[in-house]
1. If we keep just the residues of segment 61-76 that are under 14 Å from Ser22 (Cα atoms) and assigned to a helix (DSSP H, G or I), which is most open to solvent (accessible area, probe 1.4 Å)?
2. Among residues belonging to segment 20-60 that are under 16 Å from Ile88 (Cβ atoms) and among the hydroxyl-bearing types (Ser, Thr, Tyr), point out the one that is most open to solvent (accessible area, probe 1.4 Å).
3. Just give me the residues in segment 4-15 being open to solvent by 60 Å² or more (accessible area, probe 1.4 Å) and part of a loop (DSSP other than H, G, I, E, B), in sequence order.
4. If a residue must be modelled with pLDDT under 95, over 12 Å from the mean Cα position of the chain (by Cα) and among the aliphatic types (A, V, I, L, M), how many such residues does segment 62-95 contain?
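The values are calculated or read from the model by the stated rules, or taken from the named source; none is laboratory data. Given the structure is predicted, the values throughout are model-derived calculations rather than measurements. Heads up, the Cβs are rebuilt from the backbone with ideal geometry, glycines too, and the neighbour counts pull from every protein chain shown. The protein model used for the area step is the full one, side chains on, heavy atoms only, and it has no ligands, DNA or RNA in it. Shrake-Rupley method; radii C 1.70, N 1.55, O 1.52, S 1.80 Å.
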Amino acid sequence: MPQVWFHVRWPDNHVTRCYSPSTAIRDYLAPHTDYPVTDFLERSRQALTQAGERVRQKYGYACSSAADQLETLEITAQPFLDQTDAIIRVEEFES
């Protein structure tokens, strides 16, 4: 299953390298695109849940890395949820 790394720029300008166990992330997030925090989180939930399910269908077990990545994104986003103008930018994808 092709894994995808994606780089996220947070509202405080730091960048993190994030992981998806499948290309499902590309159906929900686009490189060089800005998202309001809540929209980014919802898209990430859908994408990483779908990616984890693809792993389950192929290998018979869920991908804990997808769940861990989602948890990390949600924790990192917490300080920005009260900022109505906060934007998260997806910088790029790498395979």
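1. Only one residue tops the list, namely Ser64.
2. Here the residue is Thr38.
3. Scanning segment 4-15 gives Asp12, Asn13, His14.
4. So the count comes out to 1.
Quick grid of which residues meet (1) in a helix (DSSP H, G or I); (2) among the basic types (Lys, Arg):
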| residue | (1), (2) |
| --- | --- |
| Pro2 | no, no |
| Arg17 | no, yes |
| Ile25 | yes, no |
| Tyr35 | no, no |
| Glu42 | yes, no |
| Leu48 | yes, no |
